[in-house]
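Take a look at the structure below.
No value in this document is a laboratory result; all are computed from the given coordinates. Keep in mind that what you see is a predicted model, and the values were worked out from it rather than measured. Counting neighbours? That spans all protein chains shown, and the Cβs are built from the backbone with ideal geometry, glycine included.
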Amino acid sequence: MTGYIIREATPDDAAAILVHNEIIANEPDNGITRGPGENMTLEEEQTFLKNSLATDNWLMLVAITPESEAIGILGFQGGRRKANRHEGEFGISVNPEWRDKGVGSALIQHMLAWAKGTGFITRVGLTVMTHNERAFHVYKKMGFELEGCKRAALFKEGRYVDVYMMGLLLMDRT
């Protein structure tokens, strides 16, 4: 027993996800683009989750404890046009006390299984801050390849931050 399950998030998870997001946003030098106080309202989060469920190339996963605490989330958004609906990017965050316990890797594995199961998603991308070495190595271990670097892509905590762009092809290009 891992102490949590991973499943697709529903609008009923909105409050737990907002608590999780605020924990991560208030963490110094966090690896996400959202800052303290930049969360959606409960209604906005519920609408977002409802839209995610209704869109065939979007996915919102939650790692949740039996006590309904969201300890990790992963959101994947695919392209909105015919030319790019086969690809998308994801973002992920795990509560500090649950890191290094396989939660992030399990979320990514669930997302990749879902993507392969769609029959049409063939590319998964992400960005990761260049100083987030732990996350970068996890992504490399899972098969993601470095595709480039966006310099000064983010402005966080009073400084510009570079991000790596990484991708994983789920198909053979030949």
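Got a sec? Which of Lys141, Lys150 is out of contact with any strand residue (DSSP E or B) (no Cβ under 6 Å at 6 or more places or on another chain) and farther than 24 Å from Glu69 by Cα?
Working: Lys150 fails: out of contact with any strand residue (DSSP E or B) (no Cβ under 6 Å at 6 or more places or on another chain).
Step by step, each of Lys141, Lys150 is checked, and only Lys141 is out of contact with any strand residue (DSSP E or B) (no Cβ under 6 Å at 6 or more places or on another chain) and farther than 24 Å from Glu69 by Cα.
Of Lys156, Lys141, which residue is more than 17 Å from the chain's Cα centre (by Cα), of a type outside the set (A, V, I, L, M, F, W, C) and surrounded by fewer than 21 Cβ atoms within 10 Å (Cβ to Cβ)? Talk me through it step by step, then tell me what you get.
Numbers: Lys141 fails: more than 17 Å from the chain's Cα centre (by Cα).
Going through Lys156, Lys141 in turn, the sole match is Lys156.
Looking only at residues that are of a type in the set (Phe, Trp, Tyr) and under 14 Å from the mean Cα position of the chain (by Cα) in region 27-82, which one is nearest to Tyr164 (Cα to Cα)? Quick ask: steps written out before the conclusion?
So in region 27-82, the residues of a type in the set (Phe, Trp, Tyr) come out as 48, 58, 76.
Applying the additional criterion that residues be under 14 Å from the mean Cα position of the chain (by Cα) yields 58, 76.
On the way: Trp58: 22, Phe76: 17 Å.
Only one residue fits best here, namely Phe76.
For every residue, the table says whether it meets (1) touching a helix residue (DSSP H, G or I) at 6+ places or on another chain (Cβ under 8 Å); (2) aromatic (Phe, Trp, Tyr); (3) farther than 29 Å from Phe155 by Cα.
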{"position": "Gly3", "(1), (2), (3)": "no, no, yes"}
{"position": "Arg7", "(1), (2), (3)": "no, no, yes"}
{"position": "Ala15", "(1), (2), (3)": "yes, no, no"}
{"position": "Met40", "(1), (2), (3)": "yes, no, no"}
{"position": "Met60", "(1), (2), (3)": "yes, no, no"}
{"position": "Ala63", "(1), (2), (3)": "yes, no, no"}
{"position": "Leu74", "(1), (2), (3)": "yes, no, no"}
{"position": "Asn84", "(1), (2), (3)": "no, no, no"}
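Considering only residues that are of a type outside the set (Ser, Thr, Tyr) and surrounded by fewer than 16 Cβ atoms within 10 Å (Cβ to Cβ), look in region 111-124 and name the one that is farthest from Ile32 (Cα to Cα).
The initial filter retains those residues of region 111-124 that are of a type outside the set (Ser, Thr, Tyr), namely 111-117, 119-121, 123-124.
Imposing the further condition that a residue be surrounded by fewer than 16 Cβ atoms within 10 Å (Cβ to Cβ) reduces the set to 113-114, 116-117, 119-120.
On the way: Ala113: 24, Trp114: 23, Lys116: 26, Gly117: 27, Gly119: 29, Phe120: 28 Å.
Checked region 111-124; the qualifying residue farthest from Ile32 (Cα to Cα) is Gly119.
Take region 112-132 and flag every residue that is assigned to a helix (DSSP H, G or I) and more than 16 Å from the chain's Cα centre (by Cα). Outline the logic, then answer.
Step one: of region 112-132, the residues assigned to a helix (DSSP H, G or I) are 112-118.
Within region 112-132, Lys116, Gly117, Thr118 meet the criteria.
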